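Asker: Here it is, the structure, as structure tokens.
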Amino acid sequence: MPERKRTSGRRAVALSIGLVAGLVDGASTAMAQPAPTERIVVRLDVGVRPGSRTFATNTVFNLFSEPGGFQTDYEFDRGGIVDGGISFRLWRNLAVGLDLESYRLVHSAQITADLPHPIFFDLPRTTTGVAGGLERRELWFHVRALWIMQLTDWLVVSVSGGPSLLNARQDLVSSVEHMEVGFPFDEIIFSGHTVKSRSGWTVGLNEGVEIYTFVLHKLPFLSRYEMMEQVGLGLLVRNVWGSVDLRVGDDLIAVDHGGVEVTTGLRLRF
């Protein structure tokens, strides 16, 4: 088994163990708390994934009867999230939730290329460039087991975790273009690149902590509306993880997706 796959497997096992431990601890705490009264809670959120992530690809080709190639370093900063879901309380503090999450980020990548010399062997020319406007998309389907703790009549906290299904799409640099400066051909200029979009599916994990409250109906300008008793605000801090194999040329590379994310929005209870 490749080392990357073993590492990914160990990470998944570690996350699973941590998830189970967290749920067990949350369960013991939850049993001491009164169960919430609402059976169904609908969540509509927007948010951000503040952390950064990197990965690199290497592409090899033949030019002037010699091997050449280029490396592309991808770096991701914060991206936006649109997230929503529904949870059903099954028994006491135990509930199950189904979520749909969309993540999108436009980013750039640094390219470093080594091209063989057209006349002399073992005398590569090096050049650098930037590929901009690359897009990463992630569509997550989360299944969550929740322990819900009714701390007060207006404040609810829950811990959750479970498996996730991820469809990831990533723009990858597939080829580069250069211009020769002229004799003696010791210098080249980066002139462009070609991008191909690759996608794949994988099973991942999710775990999180959520806080929500139903106090909007207590505000003077909203107290007249009876329906506001069912509308609240919430904050979800969640970590999601999955690794997708994407094809670069003739090779498959394992690309990690997800990270810690923070979302906030409306809660509707029934």
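The values are calculated or read from the model by the stated rules, or taken from the named source; none is laboratory data. Being a predicted model, the structure only gives us computed values, none of them experimental. Glycine also receives a Cβ, built like all others from the backbone with ideal geometry; neighbour counts cover every protein chain displayed. All accessible areas refer to the heavy atoms of the entire protein, side chains included, with ligands and DNA or RNA removed. Shrake-Rupley method; radii C 1.70, N 1.55, O 1.52, S 1.80 Å.
Asker: In segment 139-159, is there at least one residue being of a type in the set (D, E, K, R) and touching an Asp or Glu at 6+ places or on another chain (Cβ under 8 Å)?
Answerer: Among the residues of segment 139-159, at least one is of a type in the set (D, E, K, R) and touching an Asp or Glu at 6+ places or on another chain (Cβ under 8 Å), which makes the answer yes.
Asker: Further, regarding this structure: Out of all the residues in segment 114-126, is one or more within 25 Å of the chain's Cα centre (by Cα) and of a type in the set (D, E, K, R)?
Answerer: Scanning segment 114-126, I find no residue that is within 25 Å of the chain's Cα centre (by Cα) and of a type in the set (D, E, K, R), so the answer is no.
Asker: Quick one: what pairs do we get from segment 67-93, first residue open to solvent by 70 Å² or more (accessible area, probe 1.4 Å), second small (Gly, Ala, Ser) and not in a strand (DSSP E or B), C-beta under 9 Å, 6+ apart or different chains?
Answerer: Hits for this filter: GLU75/SER52; ASP77/GLY51; ASP77/SER52; ARG78/GLY51; ARG78/SER52; TRP91/ALA35; ARG92/ALA30; ARG92/ALA35.
Asker: What number of residues within segment 193-232 satisfy the criterion of being more than 30 Å from THR128 (Cβ to Cβ) and either in a strand (DSSP E or B) or within 18 Å of the chain's Cα centre (by Cα) (or both)?
Answerer: So in segment 193-232, the residues more than 30 Å from THR128 (Cβ to Cβ) come out as 201-232.
Going one step further and asking which of them are either in a strand (DSSP E or B) or within 18 Å of the chain's Cα centre (by Cα) (or both), we end up with 201-213, 231-232.
Residues that pass the stated criteria total 15.
Asker: Related question: From the list TRP140, TRP241, TRP154, exactly one residue is touching a strand residue (DSSP E or B) at 6+ places or on another chain (Cβ under 7 Å) and open to solvent by 30 Å² or more (accessible area, probe 1.4 Å). Which is it?
Answerer: Only one candidate passes the filter, namely TRP154.
Conditions (1) open to solvent by 50 Å² or more (accessible area, probe 1.4 Å); (2) under 16 Å from PHE55 (Cβ atoms); (3) not hydrophobic (A, V, I, L, M, F, W, C), marked per residue:
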| residue | (1), (2), (3) |
| --- | --- |
| VAL176 | no, no, no |
| GLU187 | yes, no, yes |
| GLY192 | no, no, yes |
| LEU222 | no, no, no |
| VAL231 | no, no, no |
| LEU246 | no, yes, no |
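Rundown of residues vs (1) assigned to a strand (DSSP E or B); (2) modelled with pLDDT of 95 or more; (3) on the phi > 0 side of the Ramachandran plot; (4) hydroxyl-bearing (Ser, Thr, Tyr), yes/no style:
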{"site": "ILE119", "(1), (2), (3), (4)": "no, no, no, no"}
{"site": "GLY132", "(1), (2), (3), (4)": "yes, no, no, no"}
{"site": "GLU135", "(1), (2), (3), (4)": "yes, yes, no, no"}
{"site": "GLU138", "(1), (2), (3), (4)": "yes, yes, no, no"}
{"site": "VAL156", "(1), (2), (3), (4)": "yes, no, no, no"}
{"site": "SER160", "(1), (2), (3), (4)": "yes, yes, no, yes"}
{"site": "PRO163", "(1), (2), (3), (4)": "yes, yes, no, no"}
{"site": "ALA168", "(1), (2), (3), (4)": "yes, yes, no, no"}
{"site": "MET179", "(1), (2), (3), (4)": "yes, no, no, no"}
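Asker: Of the conditions (1) farther than 30 Å from ARG267 by Cα; (2) open to solvent by 70 Å² or more (accessible area, probe 1.4 Å), VAL203 clears all except one; give me its number.
Answerer: (1)
Asker: Would you call GLU135 open to solvent by less than 60 Å² (accessible area, probe 1.4 Å) and closer than 18 Å to VAL195 by Cα?
Answerer: So GLU135 passes the test.
Asker: Could you tell me whether any residue of segment 33-50 is open to solvent by 40 Å² or more (accessible area, probe 1.4 Å) and on the phi > 0 side of the Ramachandran plot?
Answerer: Within segment 33-50, not a single residue is open to solvent by 40 Å² or more (accessible area, probe 1.4 Å) and on the phi > 0 side of the Ramachandran plot.
Asker: Being touching a His at 6+ places or on another chain (Cβ under 6 Å) and not polar (S, T, N, Q): is that true of ASP99 here? Talk me through it step by step, then tell me what you get.
Answerer: On the way: touching a His at 6+ places or on another chain (Cβ under 6 Å): yes; not polar (S, T, N, Q): yes.
Yes.
Asker: Quickly run through segment 102-116 and pick out the residues that are open to solvent by less than 20 Å² (accessible area, probe 1.4 Å), more than 17 Å from GLN170 (Cβ to Cβ) and not in a loop (DSSP other than H, G, I, E, B).
Answerer: ALA113, LEU115
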